[in-house]
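Here the structure is laid out as C-alpha cells; the discussion comes afterwards.
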2 protein chains.
Amino acid sequence: MNTREKLAALRVLMKKHGLTAYYIPSVDPHQSEYLPECWKRRAWLSGFTGSAGDLVVTLRKAGLWTDGRYYLQAEQELAGSGITLMKLGQPETPDLMDWVARQLKPGQAMGVDPQVLSVALAEACEQTLGAAGGKVRYLSRNLVDQLWTDQPEPSLAPIKLHSTRYAGEGVRSKLKRLRSAMKEQGAQAHVLSTLDTIAWLFNIRSADIMYTPVAIAYAVVTDRGATIFTDPRKVAKGTARALAKNAKFAPYTALPEALHKLGKTRKKVLIDPATTNRWVQGHLRGAEIVRGASPVVMFKAIKNETQIGGFRDAMVRDGVAMVKFLRWLQTAVPRGGVTEMSAAHKLDSLRAEDRLFFDCSFETISGYRGNGAIIHYAVSEESDVKLRPRGIYLIDSGGQYPDGTTDITRTVTLGKPTPREREMFTRVLKGTIQCTITPFPAGTTGQRHELFARQALWKAGANYMHGTGHGVGHFLGVHEGPCSLKDIPTVPLEPGMILSIEPGVYEAGKFGIRTENLALVVNDEKLSRNGQQWYRFDTLTLCPIDLRLIDRKLLTATERKWLNHYHQLVYRKLNRHLDTDHKNWLLRATRGI
Amino acid sequence: MNTREKLAALRVLMKKHGLTAYYIPSVDPHQSEYLPECWKRRAWLSGFTGSAGDLVVTLRKAGLWTDGRYYLQAEQELAGSGITLMKLGQPETPDLMDWVARQLKPGQAMGVDPQVLSVALAEACEQTLGAAGGKVRYLSRNLVDQLWTDQPEPSLAPIKLHSTRYAGEGVRSKLKRLRSAMKEQGAQAHVLSTLDTIAWLFNIRSADIMYTPVAIAYAVVTDRGATIFTDPRKVAKGTARALAKNAKFAPYTALPEALHKLGKTRKKVLIDPATTNRWVQGHLRGAEIVRGASPVVMFKAIKNETQIGGFRDAMVRDGVAMVKFLRWLQTAVPRGGVTEMSAAHKLDSLRAEDRLFFDCSFETISGYRGNGAIIHYAVSEESDVKLRPRGIYLIDSGGQYPDGTTDITRTVTLGKPTPREREMFTRVLKGTIQCTITPFPAGTTGQRHELFARQALWKAGANYMHGTGHGVGHFLGVHEGPCSLKDIPTVPLEPGMILSIEPGVYEAGKFGIRTENLALVVNDEKLSRNGQQWYRFDTLTLCPIDLRLIDRKLLTATERKWLNHYHQLVYRKLNRHLDTDHKNWLLRATRGI
C-alpha cells in the first residue's frame, strides 16, 4: 500500500468507529525519546520518517506537524501523499488540537489510542475539543496496527542485570528510598511508565530501544511489593531469581489486571500526568490518584560516587577513541576518500573497540562546512560530502558503556582557519569555560546559569537557537531530565547531576561550531560556608580542543589557565593508553598556550 | 486606646457580625506600594508601622506576618500587644491563610473588606478556607474604620494636568491605543484600579501618596467614553474642562453605580485579577469578565522619545545635586557633626533646590558601615550614627521631577579603604558594567539577563539577596512593572523600558556596597541584522563612581574603557552646571584610570 491507500483504508476504519478524525502522535506508551520499530506508526502510515512529527487524519484531510529540522525532508517524503505539512514554529501554522477542533462539527469525535497520549495531553485535548463541541474517543485497539500487516514484533532482547558494581546502589535500597518518598506524597502505590526509571530502579538493562539500553516494561511499586510487567520471553530464569527478593516479573499484558486491583481496593496511586498514558489512568478507575513527578526521576538524576567513578573511567576510554579519531582525521583527509559518513563510521568503530562498549548513545552527527550548520544533521547517502583539507568539521557523538554514558562534540579545522572561524570558535569556547568555571549558589537553575555560556557570543551579536545542555543518564538516556541548561523552568542544579555544556554558533552554508563537554555538579568547598552552599561544574569529558582554532587574544588569563589545566588533565589521563605516535600527537594537541 | 483595647473592640464587632477571624492586609483599594495615611489600618490597629505586614485577628488570637527587614522593629512595636509575630521566610512560619484555615471550625467565617483584597487573592483565600470547611465573608464596611475615630481624611491634593511637553503623548492618542488593545482582547470596557495607570492614561498627577505623584481614583474606559472617579474637591474646573473632550470626572463614590450599569448591560469588561479588588468585581455582577493585564501597563513601561529626553534632562539636575552632595560629604565628615540622618537631609535639600523638584521618589537610605549592610535601612533618631573619616558609606536616593524619576545609589569611602572593601566594590562594579554592556537578543527576560550582574560576585562566593533591578516610572512610581531584573518570570526586555541596575554586597556589621544606575533599553543598531533584533542598555544616571574604591587590576580592559567613557560623559554633561570648585572636584572624580 502507498500512503494514499493507507489513508483510505484508515478512513474506512474511522467510519466504522464513527470517527471524524484520528490522531497518531509520534509517541510510544512509555514516552520514549527514540521509538522502537514496532511503534513507528506515524512513519509507516505517512511515509515521513523524521524523529518528530504528529499526524492527524480526518475523513477529508490529513496534516502532519513537524519542526524546522524536518521541513525539507517532510516536504519530500509527503509529496503526493495527500498529507498537508504543518510547519511548527511558523506564525501561520495552527495549533494541532485547535485545527482538529475546527474540523469537528458539534458531537463529532476524534479517535486516539489512549496508550500514546499522556494524561496531561489527554486532558488538554478533551478541553480544546470539548470547548468546540467535539469530543475525544479512546479506542482500545490502535487503528494503524489493524492496517499494518507487517508491523514488526516488539524486541525480545533479554533483560540483563545491571551490576551494583556500576550502579552503586542495590534494588532494595532504591525501593526503600522510593517507598519512603511515596509515603511522604501520601501514596500507597506508584505506577512507573518511563523505561529509564524502571531500568534505574530495578538495576536492569536491555536493548529494546535504539541508543538507550532499556527494556519495554511497566512497573508497579506498592508499600509491600514491586512488579515489573514485561514480555516473559525477555526474562531468563536467573534474572528473575536474582531479583526475586525485591521484585517479581509479570507479563506486559497483565498490567491492566494489576491496575484494576489497585482501583478496586481504592489505593492511593502516584502517577506522573506528564509521562503516564491515559490508558493506564483508565485502568486505575476507583483508585485515588496522587499526581506528581516520580521520585525516581530525581533519585536517578543525582549520581552516586560509584556512578561518578564509572563516568570518569568511561571518559578515559571514550577520550582514547576520540584522540585516535582526531589524529586519524588529520592524516586521512589530505590523503582523500574520507566523507562525513565514513568519518562517522570510523569513530563509531573506534569506540566499539572498547570491550565495554554497548552502543552509540545517539546517531553520530558528522557535519562538514555548511552541513555542520544544520544543528541536528544526520548524514545520509544523499547528503554525504567528501572532507577536504580546508574548512571546519564538527562531530557530535557518544557511547553507551555500563559504567557511564558519553556525549561529546569537537569542532576541528581541516586547513587554515579564517579569522572569523577563529573568533567564533574562541567565543564558543569562552562560553563553555565561563559556564564551567562560574560557581553558583544552591538554588540556581540551569535556566539562569546557561546564560554564562552565551555571553561572549552575545557580545558579538551571535547566539545559538538550542539549549546549552541537558542532563545525562548513567548507562541510560543520553538526554535525561529533570535538570537541564535550557531556557525553560526547571529544578535547581544539585551536586551529583551530570549535564552537557555545549554552546555553539552556526553560519548557514559556511560552518557549524560547537564544543561540548559533560560536567558534574559538585560542591564548591572553598566557597561554601556559614550554611550557604556553593556549587560548580567539574568537567568529565577528556579530549583536546583544537588549538589551531583559538584566538588566544580573545581569552582572559583565567580562561587560558583553565584551558591549559584542562589540556594537562587530558594528557595525564589518556597518554598511558596510547602508543607513541598517538602520545606525541596528544602532547602537541594539549600544549600550553 | 492601646492595641489590646483596640483588639478587644474589634472582637466585639467581629462577634456582632458572626466572624471568627478578621483579615487586615497591608493594602489599599488600588494596590499602591505606599499607603496613604487614611488607609494605614494595620499600623493603627497593631502599632506595627513597617511598610509590609499583614494582620489576622481571631476571637482568641492575633498574628502579624512580616519579612526579615522588620523582625526586630515588629518585635519591639508588638511587645505586649497580644499579637504574635509571624516571621515570613522562616521554615517554621505557617502560611497566613493556612493558619487562618486551622483557626476556623467548619462553617465559621473570616471577614475581610473586599476593597483590600485583589480578585486573585480573594479566590485563593476562598479556596484555602473552603477546603478546610471555612468561608470568606466580605463586609461592605471596614471594621477597623468603625473603631478608628481619628482616621485621617483622604488627601484632597488637587489633580494637575501633566503636560504633553513631558508626557510626549496626548490623552486622545493613549485612549485610542487602549481601545484598540481592548478590542483585541474582546473587551468593551476596562476598569482601571491602579493609580499609576490612571495617571499615565489621562496625563494627570496629584500628591495623594508619598513619593508617587498620583491621585486616588478609579477609571472606567469603554469603547466610547472614559470616566475618572475621584473626589470632586480635587478637580478644579479648568482641569475638568481641559480633559472634557476625552474623559469626564465623576465622584469616587459613584463607581459602584457605573459598574452596575456595565453589569446590567452585560458588557465584556476587562479587569486584571492581580490588581482589581474583589469589591469592584462584586459590583460588576452580570458583566462578562475578561481577565488580563491592563494594556496600559505595557504602554506605560515603554517610554517615548519625549519621556526619554526628559529622563536625560532630569539626570543632569539630579547628577548636579549628587555631585554637590558627594563633595560636601568629603569635606564635612572630617569636620565632624555629620550623621546618617543629617547627610540624608542634606542630599534631599540639594535635590529640592531644583525648581522642577517635586518630591523624593522614596525614603533616602543613608547607611554608614554596618548600617549600610541593612538592605532597606531607614535611618531613625534611634539608629542614627555619626559619620567618621573612615569606613564605607552608602546612599540610595531619588527624586520625582515632571520630566523624569531618578533612583541612584553610590557607595563611597570616608577614609582609606581596606583591600576587602576595594575587592568587593570592584566586583559589584563589574556586575553593573557587565549587566550594562552585554547586548541581548529580543525575547530575553530580566530574569536571565540580571545574572550578568552577579557573575563577578559569584566567582568570589558572594551574592546579594535582592533583585538586580526594577522598572522605573516616568514621574510615577519609582518601582514600576511589568519589567524587572529579578529572578521571577517576567516580560522580555524591550526598547523604551527604563530599569535600575543595582547589584550589591553586604557584610553584616561591616559594610554595604551597592552601585545603582538607571539605564534605558535601546536597539543595538550595530548588532541587529537579518531580522534578528539585538538590544542593549544605555546608562542614564550621571554621577561619578568612587575611584578610590576600585581595584583597577580586577577590571578587564573593556570594563576600564566603559568606566572611563562613562566618567567622561558625566563630566561633559554636568560640568557646565557647576562652579569652579565643584568642576575641579568632578574633574578629579572622573579622571581616567
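Looking at the stretch B:463-483, which of its residues are open to solvent by 10 Å² or more (accessible area, probe 1.4 Å) and within 14 Å of chain A (Cβ to nearest Cβ)?
Passing the criteria: B:N463, B:M465, B:H466, B:G467.
Among B:A101, B:A43, which is the only one that is of a type in the set (A, V, I, L, M), open to solvent by 20 Å² or more (accessible area, probe 1.4 Å), modelled with pLDDT of 95 or more and part of a helix (DSSP H, G or I)?
B:A43
Take residues that are of a type in the set (G, A, S) and out of contact with any His (no Cβ under 6 Å at 6 or more places or on another chain) and tell me which of the helices (runs of 4 or more DSSP H) falling wholly in the stretch A:382-476 contain 3 or more. Steps first, please.
Numbers: elements: A:419-437, A:446-449, A:455-458.
The helices (runs of 4 or more DSSP H) meeting that bar number zero.
One line per residue, one yes/no per condition, for (1) under 29 Å from the mean Cα position of the chain (by Cα); (2) under 30 Å from B:G292 (Cβ atoms); (3) part of a helix (DSSP H, G or I):
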position: B:G80; (1), (2), (3): no, no, no
position: B:M86; (1), (2), (3): yes, no, no
position: B:P91; (1), (2), (3): yes, no, no
position: B:P94; (1), (2), (3): yes, no, no
position: B:M97; (1), (2), (3): yes, yes, yes
position: B:A120; (1), (2), (3): yes, yes, yes
position: B:G133; (1), (2), (3): no, no, no
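Which number in (1) in contact with a Lys or Arg (Cβ under 9 Å, 6 or more places away or on another chain); (2) open to solvent by 50 Å² or more (accessible area, probe 1.4 Å); (3) part of a helix (DSSP H, G or I) marks the one condition that A:R177 misses?
Just one mismatch for A:R177, condition (1).
Considering each residue of the stretch A:294-323, count those that are crowded, with 21+ Cβ neighbours inside 10 Å and within 17 Å of A:P544 (Cα to Cα), and give that number.
Final tally of qualifying residues: 9.
Going residue by residue through the stretch A:428-441, is there one that turns out to be under 19 Å from A:T364 (Cα atoms), more than 14 Å from every other protein chain (Cβ to nearest Cβ) and under 23 Å from the mean Cα position of the chain (by Cα)? Even if it seems obvious, please write down each step before you answer.
First, pick out the residues of the stretch A:428-441 that are under 19 Å from A:T364 (Cα atoms): none.
No, the stretch A:428-441 has no match at all.
Could you look through the stretch A:369-381, keep only residues that are touching a Gly at 6+ places or on another chain (Cβ under 7 Å) and not in a loop (DSSP other than H, G, I, E, B), and pick out the one that is least open to solvent (accessible area, probe 1.4 Å)?
Step by step, filter the stretch A:369-381, then rank; the result is A:G372.
Suppose the filter is modelled with pLDDT under 95 and within 14 Å of another protein chain (Cβ to nearest Cβ); does A:A508 pass it? Can you show your working first?
Working: modelled with pLDDT under 95: yes; within 14 Å of another protein chain (Cβ to nearest Cβ): yes.
Yes.
Residue under question is A:D581, and the condition is that it be out of contact with any Cys (no Cβ under 8 Å at 6 or more places or on another chain), away from chain B (no Cβ under 14 Å), modelled with pLDDT of 95 or more and in a strand (DSSP E or B); does it hold?
Criteria not met by A:D581.
Can we say A:M86 is farther than 27 Å from A:A215 by Cα, without any contact (Cβ under 8 Å) to a residue 60 or more places away in the chain and buried (at least 17 other Cβ atoms within 10 Å of the Cβ)?
yes
Among the listed residues A:L451, A:L493, identify the single one that is within 30 Å of A:R165 (Cα to Cα) and either touching a Phe, Trp or Tyr at 6+ places or on another chain (Cβ under 8 Å) or open to solvent by 20 Å² or more (accessible area, probe 1.4 Å) (or both).
Details: A:L451 fails: within 30 Å of A:R165 (Cα to Cα).
Just a single option satisfies the conditions, and that option is A:L493.
Can you list residue pairs whose Cβ atoms sit under 8 Å apart, with the first residue in the stretch A:279-308 being among the acidic types (D, E) and the second being open to solvent by less than 40 Å² (accessible area, probe 1.4 Å) and modelled with pLDDT of 95 or more? Count only pairs 6 or more apart in sequence or on different chains.
A:E288/A:V269; A:E305/A:G168
Among the residues of the stretch A:174-208, which ones are without any contact (Cβ under 8 Å) to a residue 40 or more places away in the chain and either under 21 Å from A:G477 (Cβ atoms) or in contact with a helix residue (DSSP H, G or I) (Cβ under 9 Å, 6 or more places away or on another chain) (or both)? Spell out the reasoning first.
Filtering the stretch A:174-208 for residues without any contact (Cβ under 8 Å) to a residue 40 or more places away in the chain gives A:176, A:180, A:184, A:198.
Within the stretch A:174-208, A:S180, A:E184, A:I198 meet the criteria.
For the stretch B:557-585, name all the residues that are without any contact (Cβ under 8 Å) to a residue 60 or more places away in the chain and open to solvent by 50 Å² or more (accessible area, probe 1.4 Å).
First, the residues of the stretch B:557-585 that are without any contact (Cβ under 8 Å) to a residue 60 or more places away in the chain: B:557, B:560-561, B:564-569, B:571-572, B:575-576, B:579-580, B:583-584.
Across the stretch B:557-585, the qualifying residues are B:A557, B:R560, B:K561, B:H565, B:Q568, B:Y571, B:R572, B:R576, B:D579, B:T580, B:K583, B:N584.
Please state which of the following conditions A:V385 fails to meet, knowing it meets all the rest: (1) crowded, with 18+ Cβ neighbours inside 10 Å; (2) more than 14 Å from chain B (Cβ to nearest Cβ).
Unmet condition: (1).
Which of the residues belonging to the stretch B:268-288 are over 21 Å from B:C483 (Cβ atoms), open to solvent by 10 Å² or more (accessible area, probe 1.4 Å) and touching a strand residue (DSSP E or B) at 6+ places or on another chain (Cβ under 6 Å)?
Result: B:K268, B:A287, B:E288.
Would you be able to tell me the number of residues in the stretch B:520-555 that are within 14 Å of chain A (Cβ to nearest Cβ), without any contact (Cβ under 8 Å) to a residue 60 or more places away in the chain and farther than 16 Å from B:I302 by Cβ?
Here is the first cut: in the stretch B:520-555, the residues within 14 Å of chain A (Cβ to nearest Cβ) are B:523-537, B:553-555.
Narrowing further to those that are without any contact (Cβ under 8 Å) to a residue 60 or more places away in the chain: B:523, B:525-526, B:528-531, B:553.
Now drop any that are not farther than 16 Å from B:I302 by Cβ, which leaves B:525-526, B:528-531, B:553.
Total meeting the criteria: 7.
Considering only the stretch B:413-431, state which residues are of a type in the set (A, V, I, L, M), buried (at least 22 other Cβ atoms within 10 Å of the Cβ) and in contact with a Lys or Arg (Cβ under 9 Å, 6 or more places away or on another chain).
B:V428
Would you be able to say whether some residue in the stretch A:146-157 is surrounded by 21 or more Cβ atoms within 10 Å (Cβ to Cβ) and touching a residue at least 24 places away in the same chain (Cβ under 8 Å)?
Within the stretch A:146-157 (the criterion being surrounded by 21 or more Cβ atoms within 10 Å (Cβ to Cβ) and touching a residue at least 24 places away in the same chain (Cβ under 8 Å)), the answer is no, since none of the residues qualifies.
Suppose we filter B:R454, B:R422, B:R448 for residues that are more than 14 Å from chain A (Cβ to nearest Cβ) and charged (D, E, K, R); which single one remains?
Among B:R454, B:R422, B:R448, only B:R422 is more than 14 Å from chain A (Cβ to nearest Cβ) and charged (D, E, K, R).
The values are calculated or read from the model by the stated rules, or taken from the named source; none is laboratory data. Just so it is clear, the structure is predicted and the values come from calculations on it, not from any experiment. Here Cβ is always computed from backbone atoms with ideal geometry, including for glycine, and neighbour counts include all displayed protein chains. Protein only, heavy atoms only, side chains kept; ligands, DNA and RNA dropped before computing areas. Shrake-Rupley method; radii C 1.70, N 1.55, O 1.52, S 1.80 Å.
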